[in-house]
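First up is the structure itself, then whatever we jot down about it.
The values are calculated or read from the model by the stated rules, or taken from the named source; none is laboratory data. Values in this document were obtained by computation on a predicted structure and should not be read as measured data. Methodologically, a virtual Cβ is constructed for each residue, glycine included, from the backbone with ideal geometry; neighbour enumeration extends over all protein chains shown.
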Amino acid sequence: MPTARRPVRTERPARSRRRRDRIKVASVPAAHPYVRHLSPVREDPGAPRVLRLTDPDPRNPSRVTLSKWWPPVMLEPSWVRRHQADFDVFHLHFGFDGHAPAQLADLVDILRHAGRPLVHTVHDLRSPRQVEREQHDARLDVLIPAADALITLTPGAAHEIKERWGRRAVVLPHPHVVSLATMERIHRRRETPDHRHRPFTVGLRVSKPRPGDDPFTLLPALIRAVRSLPGAILQVDAHPDVLGPSGGRFDVDLARHMQRADHRVRVRVREFFSDAQLWDYLAGLDASVLPYRFGTHSSWLEACRDVGTAVVAPSCGYFADQAPVFRFGMDDHGLDEDSLVNAVRRAYEQWPVEPVPVEERVEQRQQLAAAHARIYLDVLAGESARDRLEP
């Protein structure tokens, strides 16, 4: 692991703690399901109410938006200067891939000058959208030392943060991704005869691949795996750009290989899913394979847990630390095909996997909301949430 440089971190002057009925948070981005599901399902009368600002519309920053948040306007220093009176805490999750380290350093300086504490949830220790890690490392070299409090999703990621930057991060789990109402509907559907008697289906989504994705490498081993399991099926859903003859990334060899596959392999060429289509797609699988060569955490994994789909996950990153998965060997050095075959076999042997109960997700949200409120109160009082919450 490369050693990160550690910029000098200017400590914020301590503030006196006072009771707050509400805390206004500029969350980047506010519209993402992860951030939306940090709010409590039931308000706690004994806790401050956390109000998250709505994302400004990138097409017209004077307006707000509930859908299109990219590129995040809140990361612009000019926005912070104009709106510093509108929020108490600045909470950065993701969306800063397009910003140079110097731009993030400017953001940090402006927040400090405005007296607004910075909380950073470290989702990606290695960006799945960039082959080379130097630029992302440089961005983290700015944000992690400067943050007044750090959060991450797994103990493994927290350990890496401690090793690389000498900072402690509060570990808080990933909330549900699928809406609670949709989870309830899908859970009821699992009890129908059509669902219970369907063949074991392994899913691989081949969309426009990010640099960290390598679904094509997995196909031979996955085909071998399903052929060794009675009644099992491999379902490949590919974007037209990849398997459509006029697609910009059309792979002739891959298309021929899929055409030669037997009835154990189903291939569908389709556009991107809407959210509703994606949840139904995942619920129609018994195991979903994550084709990542590198990464850290996964919202796809969490959505699978919401609908009761087993996850076959690579050994890179902290996916096995995030939740129970069927693990196989894969990173940016290559794939262990036998381990993938064995992981699919284990998923088959333990099929079906039960979804996370809705009640458990509700309770988790209550706990996450309370934990975030405590962290916000701590940084507003000039205290370090990481020092108080972790030994």
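Just give me the residues in segment 69-99 being assigned to a loop (DSSP other than H, G, I, E, B) and within 28 Å of HIS159 (Cβ to Cβ), in sequence order. Let's see the steps before the verdict.
From segment 69-99, those assigned to a loop (DSSP other than H, G, I, E, B) are 69-72, 76, 87-88, 93-99; that's our starting set.
Once the filter is applied, which keeps residues that are assigned to a loop (DSSP other than H, G, I, E, B) and within 28 Å of HIS159 (Cβ to Cβ), segment 69-99 yields HIS93, PHE94, GLY95, PHE96, ASP97, HIS99.
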Test: residue in segment 323-344 that is modelled with pLDDT of 95 or more, within 20 Å of PHE216 (Cα to Cα) and β-branched (Val, Ile, Thr): yes
Residue satisfying condition, being buried (at least 24 other Cβ atoms within 10 Å of the Cβ), more than 18 Å from VAL226 (Cβ to Cβ) and among the β-branched types (Val, Ile, Thr), within set VAL311, VAL307: VAL307
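Is it true that some residue in segment 142-157 is part of a loop (DSSP other than H, G, I, E, B), closer than 21 Å to LEU282 by Cβ and out of contact with any Phe, Trp or Tyr (no Cβ under 6 Å at 6 or more places or on another chain)?
Yes; the residues of segment 142-157 include at least one that is part of a loop (DSSP other than H, G, I, E, B), closer than 21 Å to LEU282 by Cβ and out of contact with any Phe, Trp or Tyr (no Cβ under 6 Å at 6 or more places or on another chain).
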Members of segment 19-36 that are under 17 Å from VAL119 (Cβ atoms) and assigned to a loop (DSSP other than H, G, I, E, B): ARG20, PRO29, ALA30, HIS32
Only listed residue being aliphatic (A, V, I, L, M), at pLDDT 65 or above, assigned to a loop (DSSP other than H, G, I, E, B) and surrounded by 18 or more Cβ atoms within 10 Å (Cβ to Cβ), chosen from LEU234, LEU229, LEU254: LEU229
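Could you list, in sequence order, all residues of segment 327-373 that are of a type in the set (S, T, N, Q) and in contact with a Lys or Arg (Cβ under 9 Å, 6 or more places away or on another chain)?
Taking segment 327-373 as the starting set, the residues that turn out to be of a type in the set (S, T, N, Q) are 339, 342, 350, 364, 366-367.
Across segment 327-373, the qualifying residues are SER339, GLN366.
Pick from segment 336-363 the residues that are farther than 19 Å from SER228 by Cα and in contact with a Gly (Cβ under 7 Å, 6 or more places away or on another chain): which of them is surrounded by the most Cβ atoms within 10 Å (Cβ to Cβ)? Working first, answer last.
Step one: list which residues in segment 336-363 are farther than 19 Å from SER228 by Cα, which gives 353-363.
From the residues that got through so far, the ones that are in contact with a Gly (Cβ under 7 Å, 6 or more places away or on another chain) too are 353-355.
Numbers: VAL353: 16, GLU354: 9, PRO355: 20.
Filtering segment 336-363 for residues that are farther than 19 Å from SER228 by Cα and in contact with a Gly (Cβ under 7 Å, 6 or more places away or on another chain), the one surrounded by the most Cβ atoms within 10 Å (Cβ to Cβ) comes out as PRO355.
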Per-region count, segment 341-367, residues in a helix (DSSP H, G or I) and either touching a Cys at 6+ places or on another chain (Cβ under 8 Å) or of a type outside the set (D, E, K, R) (or both): 11
